[in-house]
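Some notes on the structure that comes next.
Bear in mind that the values in this text are calculations on the coordinates, not laboratory data. The structure presented is a predicted model; accordingly, all values stated were derived computationally and were not measured. Neighbour counts are summed over all protein chains in view; Cβ atoms, including those assigned to glycine, are modelled from backbone coordinates with ideal geometry.
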Amino acid sequence: MRFRQKMSNFAAEMMKKGLVLEGGAMRGLWTAGITDVMMEHDIWPDGLIGVSAGAAFGCNYKSRQAGRTIRYNTRFANDSRYSGVRSLLTTGNYFNADFGYHIIPTQYDVFDNEAFNNNPMAFIAVCTDVETGQAVYRQLDKADDECYDYIRASASMPLVSKVVELGGLKLLDGGVSDSIPLEYFESIGYSRNVVILTQPLGYRKAHNRLMPLMRMSLHKYPKMIQAMDERHVMYNKQLDYVAQAEREGRCLVIRPDEKIPIGHICHDADQMRHVYNLGRQVGEQYIDKIQAFYNKS
């Protein structure tokens, strides 16, 4: 009996359920629509790994706050304290680091630290170490200022963000080094993963046309420049990896049918709500598939 129980526990550990969230700046509102539907249907994976907007918005999954992402983004869409050229010129960050990651979650749309801390779901934010050009995977178990700053680092896009210094590391956007971290998540034991992408089937990333500006902006960090220069190669290989995993039944992929109608930066609250609602529609369409995939023995 004891042996069977041990084997049962081992099997459960080997079948950990994961959720992988690609970034994409404001395209992440589409993803938030899906994940809000998942929360509303009481779907709780064992772990979530988020990149860039996938981390910045995905943290609300661990804190069990459906609706929070679209709520604060629309509320502050045109607030210069939150984002904009004024913030970029005065702070070096298009999305204001202090207001967006420390004032909003503590004063205006309070982040539920207690729920985040008590939820056993693992939450991992992916950042890029600008000195090595390599991915940094940070599991965040406690919601505090350091946690908020790791999430900020994951979503700090080059050119419009200052390097975030944390724990002796210099960090920026996780999408530069590991845009779709399915392979990493599988390597640490998550064998049944729902992967939410923000580009349609058939999309292939091209070489970054802004590399001359990137080289000037990041001239102190040659390995980060190299990672940026080769990002399209890395990303397209990851798309191939996801496609193979999908064919083998290791993951369930949710992607938009066509390009999500929003740019990296948006100040139009109505457009934000439209994209979010498109995601909700997809979430409702997929909810039975998600439940069946996670429950498959």
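Across segment 173-216, the volume of the C-alpha convex hull divided among the residues equals 109 Å³ per residue. For segment 1-157, the Cα-based Rg and Dmax, in that order, read 17.1, 66 Å.
Restricting the trypsin sites (Lys or Arg not before Pro) of segment 191-258 to loop positions (DSSP other than H, G, I, E, B) with no more than 13 neighbouring Cβ atoms within 10 Å leaves ARG204, ARG209, LYS220. For the chain, a Gaussian network of Cα nodes joined below 10 Å ranks ALA269, ALA206, ALA143 by mean-square fluctuation, and the top entry is ALA206. Helix 53-62 and the long axis of the chain differ in direction by around 50°, with both axes built from C-alpha atoms. Principal-axis analysis of the Cα atoms of the chain puts helix 145-154 at an angle of about 80° to the longest axis. Among VAL253, VAL194, VAL275, the largest mean-square fluctuation in a Gaussian network model of the chain, built with springs joining Cα atoms closer than 10 Å, belongs to VAL253. Each Lys and Arg Cβ is given +1 and each Asp and Glu Cβ -1; about its Cα centre, the chain then shows a dipole of about 440 debye.
Nothing charged except the Cβ atoms of Lys and Arg (+1) and of Asp and Glu (-1): what's the magnitude of the dipole of segment 96-249 about its Cα centre? Round to the nearest 20 debye. Can you show the working numbers first?
Working: 15 positive and 21 negative charges, 160 e Å.
That gives a dipole near 760 debye.
Taking θ as phi - 60° and the Karplus parameters 6.51, -1.76 and 1.60, the scalar couplings of segment 220-234 work out to 6, 10, x, 6, 5, 4, 4, 4, 5, 5, 9, 4, 5, 5, 4 Hz in sequence order, x denoting glycine and proline.
Taking R0 as 51 Å, what FRET efficiency do you get between HIS102 and GLN244 from their Cβ-Cβ distance, rounded to the nearest 0.05? Walk me through the intermediate numbers first.
Values: r = 41 Å, r/R0 = 0.80.
For R0 = 51 Å, the calculated efficiency reads 0.80.
Only the Cβ atoms of Lys and Arg (+1) and of Asp and Glu (-1) were treated as charged; on that basis the dipole of segment 87-174 about its Cα centre amounts to roughly 240 debye. Cross-link pairs exceeding 21 Å in C-alpha to C-alpha distance, out of LYS62/LYS205; LYS259/LYS289; LYS237/LYS296; LYS162/LYS259; LYS17/LYS62, comprise LYS62/LYS205; LYS259/LYS289; LYS237/LYS296; LYS162/LYS259. The reciprocal of the average 1/r between distinct C-alpha atoms defines the Kirkwood hydrodynamic radius, which for segment 64-208 equals 16.7 Å. With the cut-off at under 19 Å, measuring from each backbone N in segment 19-58 to a point 7 Å along the Cα-to-Cβ line of HIS264 picks out 22-31, 51-57.
Coupling constants for segment 244-251 follow from the phi torsions by the Karplus curve (6.51 cos²θ - 1.76 cosθ + 1.60, θ = phi - 60°), and in residue order they are 5, 4, 5, 4, 7, x, 7, 9 Hz; glycine and proline get x.
Quick one: length gained pulling ASN118 to GLN134 fully straight, 0.36 nm per residue minus the C-alpha distance? Numbers along the way, then the final one.
On the way: separation 16, 0.36 × 16 = 5.76 nm, distance 3.06 nm.
Stretched out fully, the ASN118 to GLN134 stretch lengthens by 2.7 nm.
Look at (1) 26, 22, 19; (2) 40, 19, 16; (3) 29, 22, 20: the one that is semi-axes √(5λ) of the Cα gyration tensor in Å derived from this structure is (3). Close amide H contacts of GLU131 (hydrogens built in the peptide plane, cut-off under 5 Å, sequence separation of 5 or more or a different chain): LYS170.
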